[in-house]
2 protein chains.
Amino acid sequence: MFTKATEYALRATIYIAQKGSEVAKLGIDEIAVAIDSPRSFTAKILQLLSRDNHIISSVRGPNGGFYLTEKAKSLPISCIIQAMGEEEMLEKCVLGLKQCSETQPCPMHLQFKPIRKQLKDMFSNKTIREFAAEIKDGVIFICNR
Amino acid sequence: MFTKATEYALRATIYIAQKGSEVAKLGIDEIAVAIDSPRSFTAKILQLLSRDNHIISSVRGPNGGFYLTEKAKSLPISCIIQAMGEEEMLEKCVLGLKQCSETQPCPMHLQFKPIRKQLKDMFSNKTIREFAAEIKDGVIFICNR
DNA sequence: ATAATAAAGGATAGTTTTGCCCTTATTTAT
DNA sequence: ATAAATAAGGGCAAAACTATCCTTTATTAT
């Protein structure tokens, strides 16, 4: 569904939103272990999400690390998908046809239409905070510890 | 959603099912132009679908080409996805977590569950014939000619 | 000030996917 | 039989994606 990079981006962001805060930032080592992702690759992704997209906040030096502001936690999950450059996934024709549209639909267009809508709703109506919160509610998990 | 290879596989198969027959086989050149795909790459894919998976039939030599038997047209679209090795797409955790399951769901698991079901239904309940047929019914298209 | 810590950034390597070319094998038509 | 047509198949190149390593910069604590 998503690339590895986007999967790591989603996992890392949700994990940081849940476990971190401005006064308890999380280091890249902890994050990578927790979400089971390659350390340096994940670092690059977090860099992108903080430098270019301001979804994640970061501070260097001792006691530095990553965290999300309360404002950032209110962003919809689709922001992360967008930041990773995969927003077209939610628009693209299932068969990859450029010309596919409402007026010139591919054979799967109609069938897929309601599914696409639900996908879009799921990603744009739910915030990072909401997905992070679910982890705390007992059963739901995201990490290794 | 799918890889390029699978997109081409789906487009080519649906196109062949619609335009070809045992007595009017389609050549790789026509197919590639019609579905707007790279010729040789598409040839490899058709080879895979015919040699290993018996979804497409092929004959060499003059008047040779590709076609689908009536039996093959009755196969569900999921057969093509499976043949291309992407069947896990319909099972995999959205966040790519190996441990994600009903009893240990990731934060997106519950939200995504009904969507996954609809995707699975769409691909396993509709046949190649049905998708090919829709093309003929006026509006719906798949090709460049 | 200095040293230690942790992210930022650059370079590069490995892997997979996508795409192309050329030769070979098979079938048909003459 | 021979030639022509057409898929099969091998090899390789380009691009994208994934991953690692090392150096630099910023921050904090002493």
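Name the single residue, out of those in segment A:33-74 being hydrophobic (A, V, I, L, M, F, W, C) and within 13 Å of DNA strand D (Cβ to nearest atom), that is surrounded by the most Cβ atoms within 10 Å (Cβ to Cβ).
A:Ile45
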* Do we have any residue at all in segment B:63-82 that's touching a helix residue (DSSP H, G or I) at 6+ places or on another chain (Cβ under 9 Å), at pLDDT below 95 and farther than 19 Å from A:Leu90 by Cα? -> no
* Among the residues of segment B:103-115, is any under 25 Å from A:Lys98 (Cα atoms), surrounded by fewer than 17 Cβ atoms within 10 Å (Cβ to Cβ) and modelled with pLDDT of 95 or more? -> no
* To do: Name every residue in segment B:10-32 that is charged (D, E, K, R) and surrounded by fewer than 23 Cβ atoms within 10 Å (Cβ to Cβ), in order of residue number.
  => B:Lys19, B:Glu22, B:Lys25, B:Asp29, B:Glu30
* Can you find a residue in segment B:10-21 that is more than 12 Å from every other protein chain (Cβ to nearest Cβ), out of contact with any Phe, Trp or Tyr (no Cβ under 8 Å at 6 or more places or on another chain) and assigned to a loop (DSSP other than H, G, I, E, B)? -> no
* Structure fact -> Note on segment A:36-62: residues near DNA strand C (Cβ under 9 Å from one of its atoms) and at pLDDT below 95 are A:Arg51, A:Asp52
* **Filter pass, A:Ile16 being among the hydrophobic types (A, V, I, L, M, F, W, C) and farther than 13 Å from B:Gly96 by Cβ** => yes
* Qualifying residue in segment A:129-138 (condition: at pLDDT 90 or above and part of a loop (DSSP other than H, G, I, E, B)) -> no
* Asked: Where residues in segment A:111-130 are in contact with a Pro (Cβ under 8 Å, 6 or more places away or on another chain) and under 17 Å from B:Ile115 (Cα atoms), which of them is nearest to the other protein chains (Cβ to nearest Cβ)?
  -> A:Gln118
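The values are calculated or read from the model by the stated rules, or taken from the named source; none is laboratory data. Predicted, not measured: the structure shown is a model, and the values here were computed from it. All Cβ positions, glycine included, derive from the backbone under ideal geometry; neighbour counts span all protein chains shown.
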